[in-house]
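The values are calculated or read from the model by the stated rules, or taken from the named source; none is laboratory data. Note that the structure is a prediction, hence the values are computed from the model and not measured. With ideal geometry, Cβ positions are generated from the backbone for all residues, glycine too; neighbour counts draw on all protein chains shown. Surface areas here come from the heavy atoms of the whole protein model, side chains and all, with no ligands, DNA or RNA. Shrake-Rupley method; radii C 1.70, N 1.55, O 1.52, S 1.80 Å.
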Amino acid sequence: MNASIVEVRSVSKSYGEFPVLKNVSFEVADGEVACIIGPSGAGKSTILRCINRLEKQSSGMIFVSGDPIGFRHEGGKYHELDEREVAAQRAGIGMVFQRFNLFQHMTVMQNIIEAPVTLGRMSKADAVEMARELLARVGLTQKENDYPAQLSGGQQQRVAIVRALAMQPKVLLFDEPTSALDPELVGEVLSVMKDLAEAGMTMILVTHEIGFAREVADTVYFMVDGEIVEQGAAAQVLTSPGHERTKAFLGRVK
């Protein structure tokens, strides 16, 4: 078993009196593909946003490559990091959103190289070279000078994946990356994600694409009402689920 890259330990999150996550715990190993499935409002996107520190959990801890996300451990205590320090941690955690989140006033190339160059990860020349390699990998070699508005939704999402990869992250988080796409464009994005999985990228996916989860996931977590109620090998959970809520959900989405 590979070492854990992501450790989520007893994480809870509430908005006022409303609990969104309830004592969620799981680990994702190096090179593992974990899929989180469940109905809307289950807390799936929130747990991703906590891993990336876009949301602060109410309790519990999250570690990526052993580092406590949002904190430093000093003198036997955890001290909360400031936003600049959090941003440095976040640079190693790639995230692909539902709606691409590309800068509309920048070309594809500018979108990709902005973060690695601005954060001093690499020179502009090296960033451009890497971006071209990644664009070729996702079949968008001819699009580097286009603006997002000139691209299809599927092409924009592939650029968003390249932008995340450009930071050479330890883990890639996908928050329902095909939900905003027209059905005929879904396949091109899933193909890129499948290639990443086969290349050994550590990935955590929130998805409603159950067929895709069956194909690429090592582990599946089924969430409902802020809790993980079933987890296990993808083949087991998706083919022979043990929990009634999982059975009912899969019966509706297949």
> So is R99 under 15 Å from the mean Cα position of the chain (by Cα), open to solvent by 70 Å² or more (accessible area, probe 1.4 Å) and under 23 Å from Q168 (Cα atoms) or not?
Replying inline: yes
>> Checking the condition of a type in the set (S, T, N, Q), at pLDDT 95 or above and on the phi < 0 side of the Ramachandran plot, which residue from Q110, Q98, Q89 passes?
In response: Q110
>> Checking the structure you have, find out if any residue of region 5-21 is without any contact (Cβ under 8 Å) to a residue 40 or more places away in the chain and either of a type in the set (V, I, T) or touching a Pro at 6+ places or on another chain (Cβ under 7 Å) (or both).
In response: no
> Of I36, I62, which residue is open to solvent by less than 30 Å² (accessible area, probe 1.4 Å), under 16 Å from L205 (Cβ atoms), of a type in the set (V, I, T) and part of a strand (DSSP E or B)?
Replying inline: I36
> Just for region 1-33: of the residues that are in a strand (DSSP E or B) and of a type in the set (D, E), which one is least open to solvent (accessible area, probe 1.4 Å)?
Replying inline: E7
>> Residue under question is V206, and the condition is that it be within 16 Å of the chain's Cα centre (by Cα), at pLDDT 95 or above and within 30 Å of A127 (Cβ to Cβ); does it hold?
In response: yes
> Within region 125-138, is there a residue that is within 20 Å of the chain's Cα centre (by Cα), under 24 Å from C50 (Cβ atoms) and modelled with pLDDT under 95?
Replying inline: no
>> Can you pull out every residue in region 221-240 that is in contact with a Gly (Cβ under 9 Å, 6 or more places away or on another chain) and surrounded by fewer than 20 Cβ atoms within 10 Å (Cβ to Cβ)?
In response: D225, E227, V229, G232, Q236
>> I need a count of the residues in region 221-254 that are touching a Ser or Thr at 6+ places or on another chain (Cβ under 8 Å) and part of a strand (DSSP E or B).
In response: 7
> If you check R49 against the conditions, is it closer than 24 Å to I210 by Cα and not in a loop (DSSP other than H, G, I, E, B)?
Replying inline: yes
> Are any of the residues in region 70-82 in contact (Cβ under 8 Å) with a residue 40 or more places away in the chain, open to solvent by 30 Å² or more (accessible area, probe 1.4 Å) and either under 24 Å from V220 (Cα atoms) or in contact with a Lys or Arg (Cβ under 8 Å, 6 or more places away or on another chain) (or both)?
Replying inline: no
